[in-house]
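Student: Handing you this structure, nothing more for now.
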Amino acid sequence: MGQVGASMMYSSTRFNAWISACGWKNREDMAGAKQRTIKYFVDEYKRMLTENLEDYIANFDTYNTDK
């Protein structure tokens, strides 16, 4: 699970970097927006992770029936 999770997280960041690059005309503009871009993706990831953790906490017994 750990290696798959790390692989998925890496591929997601690589894809998001590509999406970001597609939105810029040149590297200077992209570089100028680097911190804003990082903040956006970190904030969104944190929001989604928080929502999913809360869901798993609320439904732990239902989702973990194999224990």
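Only the coordinates and a few stated rules stand behind these numbers; no lab work does. This structure is a prediction, so every number in the text was calculated from the model and none was measured. Heads up, the Cβs are rebuilt from the backbone with ideal geometry, glycines too, and the neighbour counts pull from every protein chain shown.
Student: Please report, in whole Å, how far the alpha carbons of the chain spread along each principal axis, starting with the longest.
Tutor: 52, 22, 14
Student: For T13, put the label point 7 Å out on the Cα→Cβ axis and report which residues of the stretch 32-67 keep their amide N under 20 Å from it.
Tutor: Under cut-off, by backbone N: 32-50.
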